[in-house]
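Before any comments, here is the structure.
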Amino acid sequence: MLSAFLHAPTLSFLCSSSSSPQPQPKPRPCLSSMASSSLVRIAVVGDVHDDWDLEEDANALQFLKPDLVLFTGDFGNENLELVQDVAALNFPKAVILGNHDSWSTQQFSSKKKDRVQLQLECLGQEHVGYKRLDFPLLKLSIVGGRPFSCGGQQIFRKRLLSARYGIQDMEGSAKRIYEAALGTPEDHLVILLAHNGPTGLGSELNDICGKDWVFGGGDHGDPDRWNNMKLKTRYLAQAISNLKETTNVSIPLVVFGHMHKELAHGNGLRKMIVVGTHNIIYLNGAIVPRVKRSTNETSLQASNSDGTYRAFTLVEILNGQVNKISESWVSVVGNETTLEEEHILFKSNGQSSR
């Protein structure tokens, strides 16, 4: 039984895509074979920013054959139609909404459903803000962080968080993330999925959560994440440490987006991987833009004037540990898919390539 319903209001239905139905290939089977397999493949879709096509992305994912797809949010400026298409994707998945997904809505409407409410309804239990979604056949549990995060010290869209989740401050937010992890099945790994990463991972402009739009940089991570050792012990940092000590919860991976790979003002590329204490890997999946057309002038060499290249970050978990992480660009031309480029970001020897 999924325990995701324990920590936030959920709805008993999913809305259908507003666009005309598009055929999708069948996803990789996640059945009895997975129960005996120690290898799990996860595809991370970083900040989408309107670059999503249900048919083409489904074809690309079928080529990559992930067991699970994680979305870090920022689908567009409250782009309901795109979120409906994401909800229709026929793969096991978990989603967190970002600040752009609540771009205009500062508080929920009492007269009619606003576009934030409609996005949450479409995603249903697959939106993991402040809750846990268990995947028993994969022996994985996804714990969601704070929805609508914009980074930094202030809570973004506080009225929305208060109305839906009862969150008033960072301490309360950290406590809710911790509580969502309680009750995780003993044989499950836990992956934290958030829109923005935590504080404490560097303050240079090219660090994984570094401010790249101001001179001198700065740490733009969220202070309510569990690795912030400045939080009081009754909140997240020490609480997660206690959780690990008392329940043997294993947290090999934290996945987020928000901080785009390409830095502002042409300052180069961001570090997208950090290996932290307890060998926890922090992965930023915000490759923006994530879609390139073959007619664009890019480093990718087009063999056909049609089609697109679509970015995913692939994570392989082997025997309970992150084994490999790669940035993968899939060429989609009609129904033909090929791996156009692969950049290894991490290998199991613990060395980060970027």
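Quick one: SER331 ticks every box in (1) more than 21 Å from VAL40 (Cα to Cα); (2) of a type outside the set (D, E, K, R); (3) at pLDDT 95 or above; (4) within 21 Å of the chain's Cα centre (by Cα) except a single one, so which number is it?
All conditions pass for SER331, except number (4).
At pLDDT 90 or above, within 23 Å of LYS324 (Cβ to Cβ) and assigned to a loop (DSSP other than H, G, I, E, B): is that true of ILE191 in this structure? Steps first, answer last, please.
Values: at pLDDT 90 or above: yes; within 23 Å of LYS324 (Cβ to Cβ): yes; assigned to a loop (DSSP other than H, G, I, E, B): no.
Here the answer is no, as ILE191 does not meet what is asked.
Has region 186-199 got any residue that is surrounded by fewer than 17 Cβ atoms within 10 Å (Cβ to Cβ) and not aliphatic (A, V, I, L, M)? Steps first, please.
Here is the first cut: in region 186-199, the ones surrounded by fewer than 17 Cβ atoms within 10 Å (Cβ to Cβ) are 186-187.
So of that shortlist, the ones also not aliphatic (A, V, I, L, M) come out as 186-187.
Yes: region 186-199 contains one or more residues that are surrounded by fewer than 17 Cβ atoms within 10 Å (Cβ to Cβ) and not aliphatic (A, V, I, L, M).
Quick one: is ALA43 over 25 Å from LYS139 (Cβ atoms), at pLDDT 50 or above, open to solvent by less than 60 Å² (accessible area, probe 1.4 Å) and hydrophobic (A, V, I, L, M, F, W, C)? First the steps, then the outcome.
Details: over 25 Å from LYS139 (Cβ atoms): no; at pLDDT 50 or above: yes; open to solvent by less than 60 Å² (accessible area, probe 1.4 Å): yes; hydrophobic (A, V, I, L, M, F, W, C): yes.
In short, no.
Of the numbered conditions (1) under 23 Å from ARG146 (Cβ atoms); (2) open to solvent by 10 Å² or more (accessible area, probe 1.4 Å), GLU55 fails exactly one; give the number of that condition.
In the conditions (1) under 23 Å from ARG146 (Cβ atoms); (2) open to solvent by 10 Å² or more (accessible area, probe 1.4 Å), GLU55 misses (1) alone.
Taking the condition modelled with pLDDT of 95 or more, surrounded by fewer than 18 Cβ atoms within 10 Å (Cβ to Cβ), farther than 30 Å from TYR178 by Cβ and not aromatic (Phe, Trp, Tyr), does LYS65 pass? Please lay out each step first, then the result.
Working: modelled with pLDDT of 95 or more: yes; surrounded by fewer than 18 Cβ atoms within 10 Å (Cβ to Cβ): yes; farther than 30 Å from TYR178 by Cβ: yes; not aromatic (Phe, Trp, Tyr): yes.
So LYS65 fits the description; yes.
Determine whether SER102 is open to solvent by 10 Å² or more (accessible area, probe 1.4 Å) and modelled with pLDDT under 95. Before the answer, list the steps.
Values: open to solvent by 10 Å² or more (accessible area, probe 1.4 Å): no; modelled with pLDDT under 95: yes.
Criteria not met by SER102.
For region 118-158, which residues satisfy the criterion of being open to solvent by 30 Å² or more (accessible area, probe 1.4 Å) and touching a residue at least 12 places away in the same chain (Cβ under 8 Å)?
LEU118, GLN125, GLU126, PHE135, PRO136, LEU137, LYS139, CYS150, GLN153, ILE155, PHE156, ARG157
Output the number of residues of region 59-82 satisfying the condition of being among the small types (Gly, Ala, Ser) and within 17 Å of the chain's Cα centre (by Cα).
At the first step, the residues of region 59-82 found to be among the small types (Gly, Ala, Ser) are 60, 73, 76.
Right, trim to within 17 Å of the chain's Cα centre (by Cα) and you get 73, 76.
Total satisfying the criteria: 2.
For ILE177, indicate whether it is modelled with pLDDT of 80 or more, open to solvent by less than 50 Å² (accessible area, probe 1.4 Å), assigned to a helix (DSSP H, G or I) and β-branched (Val, Ile, Thr).
On the way: modelled with pLDDT of 80 or more: yes; open to solvent by less than 50 Å² (accessible area, probe 1.4 Å): yes; assigned to a helix (DSSP H, G or I): yes; β-branched (Val, Ile, Thr): yes.
The answer is yes for ILE177.
Which residues, counting only those in region 331-351, are under 19 Å from LEU253 (Cβ atoms) and either among the small types (Gly, Ala, Ser) or not in a strand (DSSP E or B) (or both)?
SER348, ASN349, GLY350, GLN351 - these are the residues of region 331-351 that are under 19 Å from LEU253 (Cβ atoms) and either among the small types (Gly, Ala, Ser) or not in a strand (DSSP E or B) (or both).
Tell me, please, whether a residue that is buried (at least 20 other Cβ atoms within 10 Å of the Cβ) and part of a loop (DSSP other than H, G, I, E, B) can be found in region 165-173. Please lay out each step first, then the result.
To start, the set of residues in region 165-173 that are buried (at least 20 other Cβ atoms within 10 Å of the Cβ) comprises 167, 170, 173.
Next cut, part of a loop (DSSP other than H, G, I, E, B) only: 167.
Yes, region 165-173 has at least one match.
Would you check if there is a residue in region 237-248 being open to solvent by 40 Å² or more (accessible area, probe 1.4 Å) and at pLDDT 80 or above? It would help to see each step written out before you state the result.
Filtering region 237-248 for residues open to solvent by 40 Å² or more (accessible area, probe 1.4 Å) gives 238, 242, 244-248.
Next cut, at pLDDT 80 or above only: none.
So far as region 237-248 goes, no, none of its residues is open to solvent by 40 Å² or more (accessible area, probe 1.4 Å) and at pLDDT 80 or above.
Can you pull out the residues in region 83-122 that are under 16 Å from the mean Cα position of the chain (by Cα) and of a type in the set (A, V, I, L, M, F, W, C)?
VAL83, VAL86, ALA87, LEU89, PHE91, ALA94, VAL95, ILE96, LEU97, LEU120 - these are the residues of region 83-122 that are under 16 Å from the mean Cα position of the chain (by Cα) and of a type in the set (A, V, I, L, M, F, W, C).
Pairs, please: C-beta under 7 Å, at least 6 apart or cross-chain, first residue under 19 Å from PHE256 (Cα atoms) and in region 307-331, second of a type in the set (S, T, N, Q) and open to solvent by 10 Å² or more (accessible area, probe 1.4 Å)?
Cβ pairs passing all conditions: GLU316/ASN323; ILE317/ASN323; GLN321/SER348; ASN323/SER348; LYS324/SER348.
The values are calculated or read from the model by the stated rules, or taken from the named source; none is laboratory data. Source: prediction; values computed, not measured. For neighbour counting, all protein chains shown are included, and Cβ atoms are generated from backbone atoms with ideal geometry for every residue, glycine included. The area values use the complete protein model at the heavy-atom level, side chains included, leaving out ligands, DNA and RNA. Shrake-Rupley method; radii C 1.70, N 1.55, O 1.52, S 1.80 Å.
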